[in-house]
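Accompanying notes for the structure given below.
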């Protein structure tokens, strides 16, 4: 499936972008299967590029079940052009830095990780734990907590970065690890499969086996025909969060349009109607208590007329006043202790202007 932009394809190495080639991806697919043919599954590629690899993996897995829509794909991509292309081929794709992503821990059934390759730019003034020296390790540490226990990791990195530090990271979190060379060795890549386990320490034998790769003991090539038992991706159910802590206006608009049915936007007119509401008379006359309360709350305004012909333009309100109380007490030792209590008191107030023709016209009336 040719999802890649030709213009971008000429700039892979220059931009640090090493997409998974078609030959490697075709050999990865037979090694993956679904543990449950009916339950929902989540697949994540935190460096998804245009989304081609994860899209093709979903298509292959969808052939194993009667309800392919239950397979959901999620991607993260830093490059704007590639990210917006991924939005068209993945179920959900975020244009952001993976360090700005929040994903619920242990919420993904498959982590397909082909991270950027290169050295980390160190901050000599930084104080704290030692940071990994390679981008591959940094992305692994960031994303592997998102993988569910028994979830499957597919890791594609250059074989020369599999030093003892990286091998120890993997041996602390994964079991059933198998490693192969990618069929296309243009970028000297290896493909690692593993199943996430509950960490109870480092598998020292596995760490030693992986560390020997950087010493020159290279694994065999990824087989064209997968004969072993496939790695089974577990179902992932329940509520989860997949969001960026930073979002631009274009992505916000895109998400609102995509999820319009899940927002209140379609009910905007009903929820925020600006047309005037015609007042209705109460079922019975208000009592004096109701009238006073409504006046004080500002619910009754305008011109009112009395039985004697008095006309007032009124406005009800409620003001807060402070009341101070001083308490003086004598302690057991003969000392005097003064306590000042401040209480809030809400006072209903009705202000009016006398509109009655005659000598009182224009006077201000205040009722408290």
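The values are calculated or read from the model by the stated rules, or taken from the named source; none is laboratory data. Being a predicted model, the structure only gives us computed values, none of them experimental. Heads up, the Cβs are rebuilt from the backbone with ideal geometry, glycines too, and the neighbour counts pull from every protein chain shown.
Filter the strands (runs of 3 or more DSSP E) completely within region 90-190 down to those with at least 3 residues that are touching a residue at least 60 places away in the same chain (Cβ under 8 Å) and either surrounded by 20 or more Cβ atoms within 10 Å (Cβ to Cβ) or more than 22 Å from the chain's Cα centre (by Cα) (or both). Let's see the steps before the verdict.
Values: elements: 92-95, 101-103, 108-113, 147-158, 174-181.
Qualifying strands (runs of 3 or more DSSP E): 108-113, 147-158.
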- Query: Can you tell me which residue in region 293-332 is farthest from the chain's Cα centre (by Cα), limited to those that are surrounded by 15 or more Cβ atoms within 10 Å (Cβ to Cβ) and assigned to a loop (DSSP other than H, G, I, E, B)?
  - Reply: 310
- Query: Is it the case that some residue within region 191-204 is assigned to a loop (DSSP other than H, G, I, E, B), buried (at least 19 other Cβ atoms within 10 Å of the Cβ) and touching a strand residue (DSSP E or B) at 6+ places or on another chain (Cβ under 6 Å)?
  - Reply: no
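Restricting to region 230-259, name every residue that is assigned to a loop (DSSP other than H, G, I, E, B) and either at pLDDT 90 or above or over 16 Å from residue 77 (Cα atoms) (or both).
To start, the set of residues in region 230-259 that are assigned to a loop (DSSP other than H, G, I, E, B) comprises 230, 234-241, 245-248, 259.
Those that are assigned to a loop (DSSP other than H, G, I, E, B) and either at pLDDT 90 or above or over 16 Å from residue 77 (Cα atoms) (or both): 230, 234, 235, 236, 237, 238, 239, 240, 241, 259.
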- Message: So the check is Cβ under 9 Å with 6+ separation or different chains; which pairs have a first residue in region 50-68 that's at pLDDT below 90 and a second one that's in a helix (DSSP H, G or I)?
- Response: 68/58; 68/59; 68/61; 68/62
- Item | Any hit, region 211-227, residues being on the phi < 0 side of the Ramachandran plot, part of a helix (DSSP H, G or I) and either surrounded by fewer than 17 Cβ atoms within 10 Å (Cβ to Cβ) or without any contact (Cβ under 8 Å) to a residue 12 or more places away in the chain (or both) | no
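Being within 18 Å of residue 92 (Cα to Cα), assigned to a loop (DSSP other than H, G, I, E, B) and out of contact with any strand residue (DSSP E or B) (no Cβ under 7 Å at 6 or more places or on another chain) is the filter here; which residues of region 48-69 pass it?
First, the residues of region 48-69 that are within 18 Å of residue 92 (Cα to Cα): 48-59, 61-62, 68-69.
Within this subset, residues satisfying the condition of being assigned to a loop (DSSP other than H, G, I, E, B) are 48-51.
50, the sole residue that qualifies.
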- Flagged in region 205-219 as more than 17 Å from residue 175 (Cβ to Cβ) and in contact with a strand residue (DSSP E or B) (Cβ under 9 Å, 6 or more places away or on another chain), in numbering order, are 213, 218, 219
